[in-house]
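What follows is a short report on a single structure.
The values are calculated or read from the model by the stated rules, or taken from the named source; none is laboratory data. What you see is a predicted model, and the numbers here were worked out from it, not measured in a lab. All Cβ positions, glycine included, derive from the backbone under ideal geometry; neighbour counts span all protein chains shown.
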Amino acid sequence: MNLANKITLFRVIMIPVYVVLMIMTNIPNNYLIAGIVFIIASISDFVDGQIARKCNMVTDFGKFVDPLADKLLVMAAMLCFVEINFIPAWVVITILAREFIVTGLRTLAASNGVVIAADKIGKLKTTTQMIALVLMHFSGLSETIYTVSIVLMYAALILTIVSGVNYLILNKNLFNVKE
């Protein structure tokens, strides 16, 4: 197993650590500590990708596990924030539904020999989500941080819907399968 894949597995291992920190309310500053774990795990996504591309370590394992690890980390954070009433469940359900739709669309495309790359709206959605989630961990420090994190999460929700619809419109030809 190469270094890039080990870093990806590190991120997967950090997810249960993160969740435990989020739910252990008897630990002082648990959200702050969980926030630091979330940041480290998020940075590891950037690092493993850089290493994989720069050192020619791109593998099928990495292509499969890396995006899965990303989705699991983000969904774990969102579900923890639903649990503590920071994010309404319907927001997370909407975001999760988009992820399933786009993943299904990519799978359908791949079966037809087509690769659907992330578009600018999707990347902006992911960036906005990540910033919102990071800020939520530190929202106990100030009302302003909390407000900004909530505004960003709703902006991410809008970008989620727009990017999901955009993927469907741009790839509607995949549904014209003749039997």
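Checking each residue in region 1-29 for being basic (K, R) and touching a residue at least 24 places away in the same chain (Cβ under 8 Å) picks out only R11. Which of the residues spanning region 28-39 are out of contact with any Phe, Trp or Tyr (no Cβ under 7 Å at 6 or more places or on another chain) and either under 12 Å from C80 (Cα atoms) or surrounded by 14 or more Cβ atoms within 10 Å (Cβ to Cβ) (or both)? Result: N30, Y31, I33, I36, I39.
Every residue, every condition in (1) in the same structural domain as V92 (by TED's automatic domain parsing); (2) among the aromatic types (F, W, Y); (3) buried (at least 17 other Cβ atoms within 10 Å of the Cβ), yes or no:
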| residue | (1), (2), (3) |
| --- | --- |
| F46 | no, yes, no |
| Q50 | no, no, no |
| K63 | no, no, no |
| L73 | no, no, yes |
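Can you say whether V91 is assigned by TED's automatic domain parsing to the domain that holds F38 and β-branched (V, I, T), as far as the supplied structure shows? Spelling it out, it is not the case that V91 is assigned by TED's automatic domain parsing to the domain that holds F38 and β-branched (V, I, T).
Filtered by the rule that a residue be free of Cβ contacts under 8 Å to residues at least 60 places away in the same chain, within 22 Å of K6 (Cβ to Cβ) and under 14 Å from the mean Cα position of the chain (by Cα), region 60-98 gives D66, P67, L68, D70, K71, V74. Checked against (1) within 17 Å of Y31 (Cα to Cα); (2) touching a residue at least 40 places away in the same chain (Cβ under 8 Å), L135 meets all criteria but (2). Those residues that are touching a residue at least 60 places away in the same chain (Cβ under 8 Å) and in a helix (DSSP H, G or I), I need them from region 108-124; list them, please. Once the filter is applied, which keeps residues that are touching a residue at least 60 places away in the same chain (Cβ under 8 Å) and in a helix (DSSP H, G or I), region 108-124 yields L108, A109.
Results for (1) modelled with pLDDT under 95; (2) surrounded by 14 or more Cβ atoms within 10 Å (Cβ to Cβ); (3) at negative phi, shown as yes or no for each residue.
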{"position": "D60", "(1), (2), (3)": "yes, no, yes"}
{"position": "C80", "(1), (2), (3)": "no, yes, yes"}
{"position": "I87", "(1), (2), (3)": "no, yes, yes"}
{"position": "I93", "(1), (2), (3)": "no, no, yes"}
{"position": "F100", "(1), (2), (3)": "yes, no, yes"}
{"position": "L105", "(1), (2), (3)": "yes, yes, yes"}
{"position": "A110", "(1), (2), (3)": "yes, no, yes"}
